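*Asks:* Have a look at the structure that comes next, please.
A short reminder: the numbers here are calculations on the coordinates, not readings from a lab. Small disclaimer: the values here were computed from a predicted structure and weren't measured. Cβ: placed from backbone, ideal geometry, glycine included. Neighbour counts: every protein chain shown.
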Amino acid sequence: MIAVSTQVPHERRILNDAIAWKVVRDLAKEAGRAHTLMSLPTFSKRFAIWQERVRSALNVPETSFSPRMERVLYGLAHAFEPKTTVFLGSYRGYGAAFAGAHALECSGGPESRARLWCCDVSAEDSAFCRNGFGLIAHSDTYVVETLDAFDFIERLERIDCLVLDVDCPMRGKAIYAPLLEAALRKMNSHGIVLAHDVLVPRFSEDLMPYLKSVADPARFLWTRRVSLDDAGLEVSCVY
Ligand SMILES: C[S@@+](CC[C@H](N)C(=O)[O-])C[C@H]1O[C@@H](n2cnc3c(N)ncnc32)[C@H](O)[C@@H]1O
């Protein structure tokens, strides 16, 4: 995991907002979701409020998600409005709180239909995540399980947005390709898959089979690399 400081000066915040918003805008256009895009000022305002809430609830000392990537995850969640977001390798919930913002932030109660499903093999980290989400969202909007990601996928029904951030001690990021295979059967058409860390040099060999899969036009409509930090994110749209 790359440690990223969470303290950012005001000017840098404005720059981060603008850079991330443009990335989200381009991806939303690509997916035919431009109509759901917030204006940049609305995005900046809403993101700042949500980030403050997430940071005070989760108080994560370090995270692999850069300030720009937090914004991209947040913007994509609101642009794509997935009914079901699944986050594999949720750790203490920091990245998931942004990727799952459409469920956590917008859902006011049990009548709302968007849900965030998280899993991690660490019981301690899952408990921390569950506790933090309890401070910022309605309990009906999320599920956090201590489970192996493959077992978790088996329990799920349909998926609109899948986020891969498992870092397996035995298989490293090579686990992304078989996780994708397992989850694809459950993904809805035009669902999106977000794979974190695709630019990290030490993961490049592990990730080759995954990147080959998402480049297959028989299975994916398009795939785009978000390169606004050292970790990177592959955003792929299921056929
Ligand atoms: C890179 S960390 C995730 C970082 C995190 N998403 C964040 O918000 O900063 C990778 C996580 O994958 C989890 N993990 C490793 N193997 C797993 C598996 N087979 N199934 C589910 N989670 C797993 C680890 O416990 C660890 O928390």
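*Asks:* Taking +1 at the Cβ of each Lys and Arg and -1 at the Cβ of each Asp and Glu, which of Met170, Ile153, Thr36 sits farthest along the dipole of the chain towards its positive end, judged by Cα position relative to the Cα centre?
*Replies:* Farthest towards the positive pole: Thr36.
*Asks:* Another question about this same structure. How far apart, in nm, are two points set 7 Å out from the Cα along the Cα-to-Cβ line at Cys106 and at Asn131?
*Replies:* Spacing of the two 7 Å Cα→Cβ label points: 3.1 nm.
*Asks:* If you don't mind, another one. Could you list the GluC sites (Glu not before Pro) in segment 1-95 that lie in coil according to DSSP, counting only those with at most 15 other Cβ atoms within 10 Å of their Cβ?
*Replies:* Counting only loop positions with at most 15 other Cβ atoms within 10 Å, the GluC sites (Glu not before Pro) in segment 1-95 are Glu62.
*Asks:* When the Karplus curve 6.51 cos²θ - 1.76 cosθ + 1.60 is applied with θ = phi - 60°, which whole-Hz ³J(HN,Hα) does each residue of segment 83-90 get, with x for Gly and Pro?
*Replies:* 5, 10, 10, 10, 10, 9, x, 6
*Asks:* Could you work out [θ]222 nm for the chain from helices alone, using -39500 (n - 2.57) per DSSP H run of at least four and dividing by all its residues? Round to the nearest 500 deg cm²/dmol.
*Replies:* One gets -14000 deg cm²/dmol as the mean residue ellipticity at 222 nm.
*Asks:* Tell me, what ³J(HN,Hα) does each residue in segment 48-63 have, in order and in whole Hz, if you take phi through Karplus 6.51 cos²θ - 1.76 cosθ + 1.60 with θ = phi - 60° and put x for Gly and Pro?
*Replies:* Using θ = phi - 60°, the values come out as 4, 5, 5, 4, 4, 5, 5, 5, 6, 7, 9, 6, 7, x, 8, 8 Hz.
*Asks:* How far apart, in nanometres, would the label points at Arg155 and Leu40 be if each is projected 7 angstrom from Cα along the Cα-to-Cβ direction?
*Replies:* Going by the 7 Å Cα→Cβ label model, 4.3 nm.
*Asks:* Follow-up question, since we're still on this one. Using the alpha carbon gyration tensor of the chain, what are the three equivalent-ellipsoid semi-axes (square root of 5 times each eigenvalue), largest first, in whole Å?
*Replies:* One finds semi-axes of 23, 21, 19 Å for the chain.
*Asks:* Here is a follow-up. Tally Lys/Arg at +1 and Asp/Glu at -1 over every other residue whose Cβ is under 15 Å from the Cβ of Ala182; what's the total?
*Replies:* That sum, taken over residues with Cβ under 15 Å, equals +1.
*Asks:* Here's another thing I want to ask about it. Ranked by Cβ crowding within 10 angstrom, fewest neighbours first, how are His78, His10, His196 ordered?
*Replies:* Ranked by crowding around the Cβ, least crowded first: His10, His78, His196.
*Asks:* For the chain, what is the percent of antiparallel DSSP beta bridges, rounded to the nearest 5?
*Replies:* Of those bridges, close to 40 percent are antiparallel.
*Asks:* Note down the magnitude of the dipole of segment 10-238 about its Cα centre, charges +1 on Lys and Arg C-beta and -1 on Asp and Glu C-beta and zero elsewhere, to the nearest 20 debye.
*Replies:* Magnitude of the dipole: close to 740 debye.
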